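Participant: Mind having a look at this structure? Questions to follow.
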Amino acid sequence: MTMDALRLGGHVRPATFPISLRSMTVAGTDASSPTTLPSRVRLGYAAGSVATGAFGTVPGLMLLPFLTNSLGVPALWAGAIVFLPKAWDVVLNPLAGRLSDRTVDRRGPRRPWLLRGGIVLVVAFALLFTGPALGSTGADAAWVLIAFIACATGYALFQVPYVSMPAEITDSYHERTRLMAWRVAALALVILVAGASAPAIRDAVGGRDGYRVMGLVMAGVIALGVVGSYLGTRSAPIGAVAAGAGSLREQLRIVAGNRDFRLLLTTFVVQALAIGAMLAGVDYLASDVLRTPGASTILFLCFVGPALALTPVWTQVEKRIGKRAGYLAASVLLIIGAALTVVSRLVEPGVVYGAVALAGIGYAGAQLFPLAMLPDTAAADARRTGENRVGVFTGVWTAGETLGLALGPALFALVLAIGGYRSSAGTAVEQPDSALSAIVIGFSLVPAVLVAISLLALGRYRLTRDDGMEDGETT
């Protein structure tokens with residue numbers, strides 16, 4: 001599918017942001033914010049998902065097996081190594097948001113950080129899987145921990161400004177959904193390619209060298225996303241807004257007091273926890289339960305493929321029933337698909353693939369809608385207060401997402417440990433029946449229950465199209 005197939009916007013017409021202290025500049029010239037963004041801006045912004053998608057997928061898929069099955073790190077300790085750098089990000093992300101809010105640069109407050117944070121991320125990721133054999137499991141594990149902390153730092157400095165941009169480059173409620181459709185389509189494609197190719201590269205080379213080659217290739221992919229997003233958004237409107245007054249603590253307190261943002265964030269974080277557990281379980285489900293050649297790749301195709309194909313469909317759903325109702329519907333499909341995989345040990349692999357594909361249809365919408373709703377909450381706050389806190393909103397959001405995606409693998413590792421999973425240093429080990437059951441439960445019932453719990457918060461979300469600034473509305 002080409003990006004042209006995702007273009008849902010119409011003609012370009014000007015609109016003003018409904019806050020008097022906002023002005024927009026394009027290529028350094030004052031201009032009003034376009035209701036419909038040019039395709040080159042959408043494509044340039046979507047390029048950032050190449051970096052976020054690759055980094056969000058590959059460690060979540062490969063790092064836990066790398067630690068347990070290549071370095072011989074016990075499952076519980078491996079889960080801690082995967083979690084701790086992400087916990088650091090939870091602290092760092094709001095600071096990164098505040099930093100970008102207060103950055104003064106002719107390129108705007110966000111774009112410089114795409115390059116600065118991106119370079120750190122690329123270098124650190126190249127080192128993550130390519131460490132030398134240090135002679136002990138503890139030393140090898142320490143290398144991974146330090147490199148992953150560096151990755152997390154670079155990612156925060158890149159991702160928070162990147163996710164902050166939509167609230168500033170368009171004032172249109174529906175255009176944000178269209179912009180997110182491009183981003184989610186790119187994200188789905190990258191997750192699909194990275195998730196399928198990373199295990200394939202590892203297996204083709206074999207052993208620890210397989211992980212090294214895979215890590216270098218994926219670092220190159222991340223670099224493409226960093227450079228593409230930086231260059232591709234150079235003609236995007238730039239928000240010239242006054243940063244919110246007060247200390248970071250005061251602004252965090254104000255953001256936390258925003259009811260709709262808090263409910264949306266809770267929903268998204270709990271679902272990120274569920275997705276993180278499923279991603280961590282793919283390699284284990286494929287190798288230990290299904291035992292079918294290429295099962296990891298097929299599982300990824302089934303889970304992420306629908307997101308690539310159906311994102312435009314979910315965009316049309318939003319126009320008919322709204323973002324909140326669409327998010328609810330997508331979440332229900334995700335619950336059903338995940339829960340059905342509980343029969344993985346009892347049925348043919350094809351049945352499991354079908355259940356995962358159903359979950360993937362829900363996953364497509366569950367990625368699109370919250371990303372389209374986030375700038376609505378930040379813009380509504382700016383409209384109400386007259387101050388720009390989008391960076392802080394985004395920092396808190398990405399911190400929550402990072403925490404959820406980090407806790408997912410850690411939770412899956414805990415389930416493995418309870419089930420008695422046997423780690424190894426590169427040699428095949430026959431797993432006990434309890435470990436196989438733990439893999440299935442961690443991949444199916446645990447995520448399904450978590451997504452169901454998240455709907456308790458989403459059901460109370462009340463922000464409407466008018467609150468999120470409908471096209472052309474001014475004050």
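The values are calculated or read from the model by the stated rules, or taken from the named source; none is laboratory data. As the structure is a prediction and not an experimental result, all values here were calculated from the model. We place every Cβ from the backbone using ideal geometry, glycine too, and count neighbours over all the protein chains shown.
Participant: Take segment 284-317 and flag every residue that is of a type outside the set (Ser, Thr, Tyr) and either buried (at least 24 other Cβ atoms within 10 Å of the Cβ) or touching a strand residue (DSSP E or B) at 6+ places or on another chain (Cβ under 7 Å) (or both).
Facilitator: The first filter runs over segment 284-317 and keeps only residues of a type outside the set (Ser, Thr, Tyr), leaving 285-286, 288-291, 293-295, 298-310, 312-314, 316-317.
Passing the criteria: LEU285, LEU299, PHE300, PHE303, VAL304, PRO306, ALA307, TRP314.
Participant: Go through segment 162-212 residue by residue and tally those that are farther than 30 Å from ARG324 by Cα and of a type in the set (Phe, Trp, Tyr).
Facilitator: Residues in segment 162-212 being farther than 30 Å from ARG324 by Cα and of a type in the set (Phe, Trp, Tyr): 1 in total.
Participant: It is to be established whether one or more residues within segment 121-138 are in contact (Cβ under 8 Å) with a residue 40 or more places away in the chain, buried (at least 24 other Cβ atoms within 10 Å of the Cβ), farther than 30 Å from SER235 by Cβ and of a type outside the set (A, V, I, L, M).
Facilitator: Scanning segment 121-138, I find at least one residue that is in contact (Cβ under 8 Å) with a residue 40 or more places away in the chain, buried (at least 24 other Cβ atoms within 10 Å of the Cβ), farther than 30 Å from SER235 by Cβ and of a type outside the set (A, V, I, L, M), so the answer is yes.
Participant: Would you be able to say whether some residue in segment 388-401 is free of Cβ contacts under 8 Å to residues at least 60 places away in the same chain and basic (Lys, Arg)? It would help to see each step written out before you state the result.
Facilitator: Of segment 388-401, the ones free of Cβ contacts under 8 Å to residues at least 60 places away in the same chain are none.
Within segment 388-401, not a single residue is free of Cβ contacts under 8 Å to residues at least 60 places away in the same chain and basic (Lys, Arg).
Every residue, every condition in (1) surrounded by 24 or more Cβ atoms within 10 Å (Cβ to Cβ); (2) over 26 Å from GLY138 (Cα atoms), yes or no:
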position	(1), (2)
VAL392	yes, yes
TRP397	yes, yes
GLY400	no, yes
LEU414	no, no
ALA417	no, no
GLU430	no, no
ILE453	no, yes
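Participant: Of (1) crowded, with 22+ Cβ neighbours inside 10 Å; (2) under 25 Å from PRO166 (Cβ atoms); (3) free of Cβ contacts under 8 Å to residues at least 40 places away in the same chain; (4) not polar (S, T, N, Q), GLY337 satisfies all except one. Which?
Facilitator: (2)
Participant: For PHE261, are the conditions met, namely being farther than 25 Å from LEU61 by Cα and touching a residue at least 12 places away in the same chain (Cβ under 8 Å)?
Facilitator: yes
Participant: Out of (1) in contact with a helix residue (DSSP H, G or I) (Cβ under 6 Å, 6 or more places away or on another chain); (2) assigned to a loop (DSSP other than H, G, I, E, B), the odd one out for VAL347 is which?
Facilitator: (1)
Participant: Here is a follow-up. From the list VAL163, VAL144, VAL123, exactly one residue is in a helix (DSSP H, G or I) and touching a Ser or Thr at 6+ places or on another chain (Cβ under 9 Å). Which is it? If you could, list the steps in order and put the result at the bottom.
Facilitator: Details: VAL144 fails: touching a Ser or Thr at 6+ places or on another chain (Cβ under 9 Å); VAL123 fails: touching a Ser or Thr at 6+ places or on another chain (Cβ under 9 Å).
Every option except VAL163 fails the conditions.
Participant: Please name all residue pairs, on different chains or six or more residues apart, with Cβ atoms under 7 Å, provided the first residue is in segment 268-283 and is at negative phi and in contact (Cβ under 8 Å) with a residue 60 or more places away in the chain and the second residue is aromatic (Phe, Trp, Tyr) and crowded, with 24+ Cβ neighbours inside 10 Å.
Facilitator: Filtered contacts from segment 268-283: ALA277/PHE412; MET278/PHE443; ALA280/PHE412; GLY281/PHE412; GLY281/PHE443; VAL282/PHE300.
Participant: Can you tell me which residues in segment 356-382 are touching a residue at least 40 places away in the same chain (Cβ under 8 Å), closer than 30 Å to LEU445 by Cβ and over 18 Å from the mean Cα position of the chain (by Cα)? Before the answer, list the steps.
Facilitator: Residues of segment 356-382 that are touching a residue at least 40 places away in the same chain (Cβ under 8 Å), as a first pass: 356-357, 359-361, 363-382.
Subsequent filtering for residues that are closer than 30 Å to LEU445 by Cβ retains 356-357, 359-361, 363-374.
If the condition is that a residue be touching a residue at least 40 places away in the same chain (Cβ under 8 Å), closer than 30 Å to LEU445 by Cβ and over 18 Å from the mean Cα position of the chain (by Cα), then VAL356, ALA357 are the ones that fit.
Participant: I would also like to ask the following. With respect to the numbered conditions (1) among the β-branched types (Val, Ile, Thr); (2) over 21 Å from ALA413 (Cβ atoms); (3) modelled with pLDDT of 80 or more, which one is the sole condition not fulfilled by ILE81?
Facilitator: Condition not satisfied by ILE81: (2).
Participant: Please verify whether segment 272-287 includes one or more residues that are outside any helix (DSSP H, G or I), within 22 Å of LEU179 (Cβ to Cβ) and either within 24 Å of the chain's Cα centre (by Cα) or not aliphatic (A, V, I, L, M) (or both). Outline the logic, then answer.
Facilitator: Here is the first cut: in segment 272-287, the ones outside any helix (DSSP H, G or I) are none.
Scanning segment 272-287, I find no residue that is outside any helix (DSSP H, G or I), within 22 Å of LEU179 (Cβ to Cβ) and either within 24 Å of the chain's Cα centre (by Cα) or not aliphatic (A, V, I, L, M) (or both), so the answer is no.
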